[in-house]
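None of the figures in this text is laboratory data; all of them are computed from the coordinates on show. Since the structure is predicted, the reported quantities are computational estimates derived from the model, not experimental observations. Here the Cβ positions follow ideal geometry from the backbone for every residue, glycine too, while neighbour counts run over all protein chains shown.
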Amino acid sequence: MNQWIAVGALGVVAVGIPLGMMAASSMLRPTVPEQGKSAIYESGEVPTGTARVQFNIQYYMVALLFVIFDVETVLIFPWTVIYRPALEEGVPLVTLLAPMLVFIGILVVGLVWAWRNGAVEWVASPRALKEKTES
Amino acid sequence: MAAFDFAPLIVLLPFTSFFVAVAAAIWRPNILPKGGALPGIAATAGSLLVSLWVAVEVLGGGRTAETVYVWSTGVGDAPELVFSLLLDPLSALMLLIVSLVATLVHVFSLGYMNDEDETGLPRYYAGLGLFTASMLGFVVAGNLLMAFIFFELVGLCSYLLIGFWFREAGPPSAAKKAFLVTRFGDYFFLVGVAGVFATFGSAAFAGPESFPAVAEAALTGEASVRTFGFGTQTWFSVLGFLILGGVVGKSAQYPLHTWLPDAMEGPTPVSALIHAATMVAAGVYLIARIYGFYALLPTVLAAIALVGGFTALFAATMGLVKREIKQVLAYSTISQYGYMMLGLGAGGYVAATFHLMTHAFFKALLFLGAGSVIIAMHHNEDMWDMGGLRKRMPVTYVTFLAGSLALAGIVPFAGFWSKDEVLYEALVHGLGGSPILLAAYGMGLVAVLFTGFYTFRMVLLTFHGDPRTELARNPHGVGWNVKAPLVVLGVLATTAGFLNMVPVHELLGFPPEYLHDWLAHDGGRSAFAGLTSEHYGELLHDWAGYSTVELSAILPGLVSLGLALLGAGGAYALYAGDDPEEHTEKLGAAKTVLYNNYYQDEYQVWLTDSVVKPLSRTMDTFDQGVVDGTVNTVSSVSLFSGRRLRRIQTGVVSNYAVLLTLGLTALVLVVGVLGGWFA
Amino acid sequence: MAVPPSYYLLLSAALFCIGVAGVLTRRNALLFLMSIELMLNAANVNFVYFSQFWGNVTGQTFSLFVIALAAAEVAIGIGIILVLYRNFDGVDVTEATTMRW
Amino acid sequence: MIDLALQTVPGVADGLLPAAVLALTALLLFGIDTINPKEDSLALLCGISVGGSLLALALAGSLLAAGYEATPVYGDALMIDGTSLFFTLVFASVTALVSVASYDYLRDQDYCAEFYALVLFAATGMSLMAAANSLATAFVALELTSLPSYALVAFLKTDEGSVEAGLKYFLVGALASAVLVFGISLVYAATGAMTFSAIAEAMVGAGDVAGVLGLGVVMIAGGVAFKMAAVPFHFWAPEAYEGAPAPVSGFLSSASKAAGFALAFRIFVGAFPVEMAVPMGVDWVLVFQILAVGTMTLGNFAAATQENIKRMLAYSSVGHAGYALIGLAALSAGGPNGNVLGASMAHLFVYGFMNTGAFLFVAMAEHWGVGRTLEDYNGLAATAPVASVAMTVFMFSLAGLPPFGGFFSKYVLFYAAVESGFWWLAAVGAVNSALSLFYYSRVVKALWFEEATVPLEIGRRPVGLYVSVLAAALGTLILLPLFGPVVETAQTVAAALF
């Protein structure tokens, strides 16, 4: 079990150092609360509101597309693992390549569909347009 | 064998008329003259002719059991499911009865429905056609599954026809009650059918592979069947009781008789069809059809006899106090089917079949007669509003009287011979070492007295005395289409009993007992030897332990005749003469007569109040409270628990997740503990 | 210093139970989804370890499938949660109770 | 002829052709929508969808008729045999019915192409579920069925009911699939295998980890029970069926449920054979017995008290899952298992027609603007007699009244249960059937015997809905004479599973 002692010690140290530093600094520093300190830092810009704003829904759409296509690509990974050994074993190139082409083809159909249906176009919402003209 | 080739027509003809009427109802409601009656009449008359032909063929020794259509051959040792025809003396006889009554009912409907300008006639005739076709299909069924299918179709048709006047309040609920109560019995039947298949691998009625034959072989040890861990006899009895469940529901036996009086809400010709030849008869016919199976099971037989005897008595007492003419007839039907069950349970296969036949004639007659009275009375059914119809409707009166004499069991009308034989069989088998039958016999005997009483009370109140209302003074006339069926049935109700006059045969040595001979022989075909009354007699003797004592048929016949006459006389003493109230008004001075009338009235009140009413009321309370109560409790408990159960569905998806998790955990625990994972 | 298989089973079971607890207690649809992701990943722990334990890659490959399908599920789920937000003005799963019993 | 056609498709096993046709049809629909996203020609889309599903139906039917031999394809990942083709028949016919019916339903909707594509993707998933031969393909196929289904249920984006239904379906579904995956991982932990035959072989040596294996098996059972809508995994069903567009309800409650059963039959018969699992203490038969009894009872009891027809049908569909579960619950080592399982399959087949038909009738009523409660149906027969006759056929058939198809399937099912010695399952089923007659007959009574409270105006006779309702009714009736071949086929292919 002694190897676990090392792991535990690492944990203790990992938690202890930051805690200790924060404790030390709070004991040493002067405490001057001021409004500017708790204000949102926007690189010098004056913040227009809180950080808890609602994002435009289209951020999610793009993010969703990304997540899906990104994760689907993971499925190419097992194929690449067997690709070279299988070729060396004498499996015909077509047999090896065709399934992956079909897979990617289906993904492409989906992507093109999403594209044509306007999933990646940035449509300014009426409200956003209104706000823009007002400001 | 030409006749047998045409036998499927017996079923198909009314079925075609059903389609014609349905098609007419959907596309061209007015295309058919008489609202579709004529195709129905033609079809049922055609069935009757073919049935006659079949009967002649059977008389000449012809028998057949053939497969018409194979549903499924099954895989491996799974049984075949087939449609098959079985034509033997029993089914040939029943075919004649059903097709005859159905034809007459169709004709009568011309007067009862068409002439009264009812609407929806195509629907009515479609129902009648399907009803007839289903019953005929049931009669020719060659196996239990096919019988069950048609049995259910009969129930469905009764639902459609009882609820014919669905815009009124009563008929739909009566239809529903009839449907549900009989269905309740049928579910037992269904399980029974499945059980028969599982046990014997076949549900055929006839032949060496038939399930009665296999059952017999299994009891002697010559064949092995699956009995699911029960003793052979015990398991067979369980099956017998399950099938009996369907019979009790359809034949309106205690305690599932409650639907039948309500079913009077349907049109009267339908009542005639239901009670005389089709739905109610189906139950008794089913037992007769597989009598070779029941004859092996003394427990079930005793139960059948007791249920029958009790129902006969119980229904007869309730018939004593009813006001409406059709209600009296309804209770008499229950009572008469009780006799048939008694006959079957007591080993009187021929007697019960005989009573089934005579009852079909005289009860159809009585219902049609009542229908004629109802037409005349402008659809008023209260007997206390009638009286004196004798002079105004002579044909109806005479035929109705013939039917009543038959119902009451007065010699020489048909009912006497058959009822007497049923009671005789119960008595001789009871004395021959099955004392339990004596109790059933006793109940049947007492019921004879009551039957005589209520029958003649009905006749006297309806036809005799003075008219009590304006309606009864000027009744509506009835046409030939009402009278002709009445006359045909009147003749049959008078003479049908001569087919099997046991006491006369004993006394004089002739005429022959035609029905006994008809049912006793296999026509030289050994495959049908298992379906004869001779064979049933042997089975009853060997397995049910029924033996007979030597006893003259004459004395018991005289006893029951005496009781019937006593009952009839009682009714005569109470209800003969003119109506008390009317009488008092007209002859205010005639004090003696008034006194007599008063005395009658008092006596009647006393009799009903102190004897009959409490009895009936007790029966009624029992009926309403216990029997209906049980049924209602079951349904309300179901609905209540249903309402509780649906509350689980709270609509909050988190709760579903909780319940799902808990359910899964419970499953894991149960399987885990039983499977020893945690050991 | 091989870690015994039962430890991995316990780890994945613990993850799974945390997920279940989240499902049972959270009313926010997004957190509900995240809890389910946790349960899926509990399964992935099993797959990855036992793939190595049995010496075949079936389990590891399958865990890739699980990840991909989880992403697809999230995509559908976010879509449904969006229309939920529009119709019920919130993402509280206990609010949508127009149908019950 | 078929054989020739099959030779020309490289890389696709001929038995997979029905599934491939379904998938290609869905892709084709996507393609059409891609070319012209704004203007959907509903007739074209509907035609393609119906054509594709009918082609799949014909292919599956002819392969089945030709006596397709069981062939594992793609390294044992899928198994094409009679069972998979039989179920493909069910899925393809329900898909065709639903596609035709949706024609009228979608008339005023957007995203019609997506609707049809999703239906066909789900159908593809279902036929793969029926062909799954490995836990991996089983899970992927199940998700391929589920994900489009979630979207379909929530299809009416602005309708509160539809969205709520979609949410509940999705959340419960996600939970169930997490349970399923965890179950699979435990089975993999205990056996180190994914394909069914390998698991069955490895079970011999897994005696000392029976607990892990058993837990996994029960969790897998839970995961597929979600698809079947069996108690206690049914909670989504009443709401999803009630809130979803009625054609989708019909699709889910018939085809998706059947797919759940197909998968369960495959997994449990193939991977955990009764004669091995039960002695080990992994008594999944017991699990299904509990589920069957609970499902039958709860479904029918809850249905009996419903006033909303769609919800009543939803609960009745839960009840029918209970009947079909008898197929798994009445298995025993050395029993007539093929008969039981085949009877259950035949019941699902008949059920596919009658239940879809009933939901499509509800769709028609919704189309006319008739309300959803029983009272709103009063006197509908006077206005729409033909459709009401069809609905009556469905109701009586669902109740198991002869002479409709539902009677035979239920009869054969109960008979098979009795034959295997599980008479008590048949008894519970029979009692529940009796209760079910009560609520089915209420619908018939409302249609025919009650007076309409408000005069009903029917503007248009929707062609598509009429065609599909009548086709379903015809199917229910034709299965009367044809039931023999159906049940024989089902029992033959089921026997081949053991």
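Observations on the model:
- Radius of gyration, Dmax [the stretch D:53-93; alpha carbons; angstrom]: 10.2, 29
- Computed on the stretch D:267-418, the Cα convex hull volume stands at 105 Å³ per residue.
- Over chain A: helical MRE at 222 nm, DSSP H runs n ≥ 4 each giving -39500 (n - 2.57), nearest 500: -23500 deg cm²/dmol
- Listed residues D:T158, D:F261, D:A417: farthest to the positive end of the dipole of chain D (Cβ charges): D:A417
- Chain B: angle of helix B:349-376 to the longest principal axis, Cα-based, in degrees nearest 10: 50
- Look at the Cα gyration tensor of the stretch C:5-95: its axes a ≥ b ≥ c give a/c of at least 1.5 with a/b at or below b/c, and that counts as oblate.
- For the stretch D:56-140, convex hull of alpha carbons as volume per residue, Å³: 87
- Inter-chain Cβ neighbour count for D:129-138, averaged per residue, equals 1 (cutoff 10 Å, partner chain atoms only).
- Only Cα pairs under 8 Å and 6+ residues apart enter the sum, and on that basis the relative contact order of the stretch D:31-142 stands at 34 percent.
- Bridges between two residues of chain B, per DSSP, are antiparallel at a rate of about 100%.
- 5 angstrom amide H check on D:S134, placed H, neighbours 5+ away: D:F196
- Packing-based ranking, highest mean first, of B:478-486, D:73-81, D:386-394, B:324-332 given that Cβ atoms within 10 Å are counted: B:324-332, D:386-394, B:478-486, D:73-81
- Test item: D:301-310 mean partner chain Cβ contacts at 10 Å: 5
- Taking label points 7 Å from Cα along the Cα-to-Cβ direction, A:N56 and B:A484 give a separation of 9.0 nm.
- Peptide D:405-418 is shielded by partner chain Cβ atoms: per residue, an average of 4 of them sit within 10 Å of its Cβ.
- Residue exposure sequence - A:V109, D:V217, B:V373 - by fewest surrounding Cβ within 10 Å: A:V109, B:V373, D:V217
- The stretch D:390-441: C-alpha gyration tensor shape, a/c 1.5 cut-off, then a/b vs b/c: oblate
- Angle of helix B:435-463 to the longest C-alpha principal axis of chain B, folded into 0 to 90 degrees and rounded to 10: 40°.
- Listed residues B:F15, B:L555, B:N500: farthest to the positive end of the dipole of chain B (Cβ charges): B:F15
- Reducing the stretch A:1-73 and the stretch B:505-530 to their Cα centroids gives an inter-centroid distance of 104 Å.
- Global form of the protein assembly as shown, assessed from the alpha-carbon gyration tensor, a/c cut-off 1.5: prolate
- The value obtained for chain A, namely the Cα convex hull volume divided by the number of residues, is 245 Å³ per residue.
- Debye intensity ratio in log₁₀ form over the Cα atoms of the stretch D:317-378, taken at each q of 0.25, 0.30 Å⁻¹: -0.97, -1.15
- Within chain D, helix-based [θ] at 222 nm, where runs of 4 or more DSSP H residues each add -39,500 (n - 2.57), nearest 500: -25000 deg cm²/dmol
- Spherically averaged projected area of the stretch B:144-282 from its Cα convex hull (nm²): 8.6
- Between the helical axis of D:385-399 and the longest alpha-carbon principal axis of chain D there is an angle of about 30 degrees.
- Once C-alpha pairs closer than 8 Å and six or more residues apart are averaged by separation and normalised to the residue number of the stretch D:295-498, the relative contact order reads 33 percent.
- Electrostatic dipole magnitude of the stretch D:295-498 [Cβ: Lys, Arg +1; Asp, Glu -1; Cα centre; debye, to 20]: 140
- Of all aspartates and glutamates in the structure, those lying under 17 Å Cα to Cα from D:K410, and not within fewer than 8 positions of it along the same chain, are B:E80, B:E152, B:D186, D:E419, D:E488.
- Once C-alpha pairs closer than 8 Å and six or more residues apart are averaged by separation and normalised to the residue number of chain B, the relative contact order reads 12 percent.
- Sites B:E534 and B:L49, calculated FRET efficiency, Cβ-Cβ separation with R0 30 Å, nearest 0.05: 0.45
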